[in-house]
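Q: The structure is given below, and queries will be raised subsequently.
The values are calculated or read from the model by the stated rules, or taken from the named source; none is laboratory data. Here the structure is a predicted model, which means the values were calculated and not measured. Counting neighbours? That spans all protein chains shown, and the Cβs are built from the backbone with ideal geometry, glycine included. For the accessible areas, the whole protein counts, side chains as well, though only heavy atoms, and no ligand, DNA or RNA atoms are used. Shrake-Rupley method; radii C 1.70, N 1.55, O 1.52, S 1.80 Å.
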Amino acid sequence: MAATVLLLLLTAAMSWAPAARGEMFTALVHMEGLLELEKELLSGLNEYIAAEKRRLQVLEAFSSRVQKATEAAGDDLSAHLFDPVNAFQLVNRYTNGWMKLHDTIYQDNSGELMSNISMQQYRFPSSDDYSGAITALWRLQDTYKLEPSTIASGKLGSTTSVPMSADDCYLIGREAYNNDQWARTRSWMLEALRKFDEEGAGSDLDLGEVYDHLAFSEFKLGNMKRSAMYTRDLLQYIPDHKRALSNMATFEQLRDENPEIFVDAEPQNVPSGDPLMEKYEALCREAKPIPSEDHHKLTCFYY
């Protein structure tokens, strides 16, 4: 789905050349199709959840019925079973309750949903689309000098998108980590921590993973002090983390031998690495104001 990536990259540049508009339209059609597909899949998921709730309600009702019966029996089981109604109910619970419980427990309501997902998977974005979508965010971030918090808030210019979760920010940081972009890894992992604090108990973020990535990115950036700090944080969540324990021992040895390296290093920005690209980015964000009467002569696009 290269068209999907094209859409994101073009959108990230905020504008596009006339020659690219045909491709932009094609990409937009692909993205609209994904939204329509997601609505269809969501409907199927909601139906599955409703069926599962009904199944659990059956189990809860039977559990409540058995609980009341066992409490009514008390300690004198003989006296309880001497009553023919109680004897019948006990046998009935086994015959029409426990014997049929197996079918209810193993009832599979997922068939239609899973079949639909399998049939539609050919329309799902590829791994290249995923990487391209993140690259588009990075291009936007670099061009307009945006902080991760600005992008994660979902408020860019006059448009408003769905705010990112802590896990979203972690995954963007993870992609940067996989591409050896250590300063970018750090900034997005820190945003993941900030989002985690906002979300509270509702977050499913693995803090150990975040601290692990932060410790390594700080190490690669030459900041031993912060790397050691995040390693300690990691050990708070995973006390028996073998690599973190080994790293802490190394940090302590290095601190004794060369304490001057354990000072805060200057924060490093994410460089574009290309002087021409830096000029392009400056033009896009109008680092030097361009007279309004000349705007119609200019076009800003990703190439």
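Q: Express the relative contact order of the stretch 169-239 as a whole percentage, based on alpha carbon pairs under 8 Å and six or more residues apart in sequence.
A: It comes to 29 percent, rounded to a whole number.
Q: Looking at the square roots a ≥ b ≥ c of the eigenvalues of the Cα gyration tensor of the stretch 170-243, which shape do they give, rounded for a/c under 1.5, prolate if a/b is larger than b/c, or oblate?
A: oblate
Q: Let me ask something additional. With every protein chain kept in the model, how would you rank S118, S153 by accessible area, 1.4 Å probe, largest at the top?
A: Per-residue accessible area, sorted high to low, gives S118, S153.
Q: Non-local amide H neighbours of L156 (under 5 Å, H modeled in plane, Pro and chain starts lacking H): which ones?
A: It is S161, by chain and number.
Q: Let me ask something else about it. For Q120 and K155 in one chain, what is 0.36 nm times their gap in residues minus the Cα-Cα distance, to one decimal in nm?
A: Working it through step by step, the gained length comes to 9.4 nm.
Q: Follow-up. Take the Cβ-Cβ distance between S127 and A73 as r, set R0 to 51 Å, and report the resulting FRET efficiency rounded to the nearest 0.05.
A: E between S127 and A73, to the nearest 0.05, is 0.30.
Q: What residues from the stretch 103-133 fall in the zone where the backbone N is under 19 Å from a label point 7 Å along the Cα-to-C-beta line of R54?
A: Within reach of a label on R54: 103-116.
Q: If I compute solvent accessible area with a 1.4 Å probe over the protein chains, what percent of it on the stretch 64-103 is carbon and sulfur?
A: 61
Q: Still on this structure, I have one more. How large is ³J(HN,Hα) for each residue in the stretch 133-142, as worked out from phi by the Karplus curve 6.51 cos²θ - 1.76 cosθ + 1.60 (θ = phi - 60°), to whole Hz, x for Gly and Pro?
A: 5, 6, 4, 4, 5, 5, 4, 4, 4, 5
Q: So, one more: Could you state the accessible area per residue of the stretch 103-237 in Å², with a 1.4 Å probe and every protein chain left in place?
A: Ligands and nucleic acids excluded, the figure is 52 Å² per residue.
Q: Does the stretch 64-194 come out rounded, prolate or oblate by the C-alpha gyration tensor, with a ≥ b ≥ c the root eigenvalues, rounded set by a/c under 1.5 and, if not, prolate when a/b is larger than b/c and oblate if not?
A: It is prolate, given that a/c is not under 1.5 and a/b is the larger ratio.
Q: Count the lysine pairs in the stretch 47-189 whose Cα atoms lie under 23 Å apart, taking only pairs 8 or more positions apart in sequence or on different chains.
A: Lysine pair count for the stretch 47-189: 4.
Q: With every protein chain left in place and a probe of 1.4 Å, what is the accessible surface of F88, to the nearest 10 Å²?
A: Solvent-accessible area, nearest 10 Å²: 130 Å².
Q: Could you check the simple spin-label distance between E252 and E199, using points 7 Å along Cα→Cβ, in nm with one decimal?
A: Distance between label points: 3.4 nm.
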